[in-house]
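Inspection log for the structure reproduced underneath, given as structure tokens.
Read the figures in this text as sums done on the coordinates, not as results from a lab. In this text, all values refer to a predicted model and were calculated from it rather than measured experimentally.
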Amino acid sequence: MARCFLHQMAGRAFANWWTKMRPYYAGAYQEMWVGLGIMTLLYYKISYGGKKEVKGKPAH
């Protein structure tokens with residue numbers, strides 16, 4: 001029962017925080033999120049380069 005209460009408190013705390021911070025993260029930093037997505041995609045492409053799993057190599 002205490003776990004459920006803590007979960008609800010954490011949910012309310014996040015909701016209150018998001019209500020205050022939403023204009024910054026959704027509006028002012030919108031360009032930053034687009035840039036972060038593009039950089040993540042580039043990192044993935046450079047790191048993995050579309051390589052597939054090597055056949056014959058056992059999966060761990």
Short version: ³J(HN,Hα) in whole Hz for each residue of segment 14-22, in order, from phi by Karplus 6.51 cos²θ - 1.76 cosθ + 1.60 (θ = phi - 60°), x for Gly and Pro, what are they? 5, 4, 5, 5, 5, 4, 6, 8, 3
HN-Hα J couplings of segment 29-41 from phi, Karplus 6.51/-1.76/1.60, θ = phi - 60°, integer Hz, Gly and Pro as x? 9, 4, 5, 5, 5, 5, x, 5, x, 5, 5, 5, 5
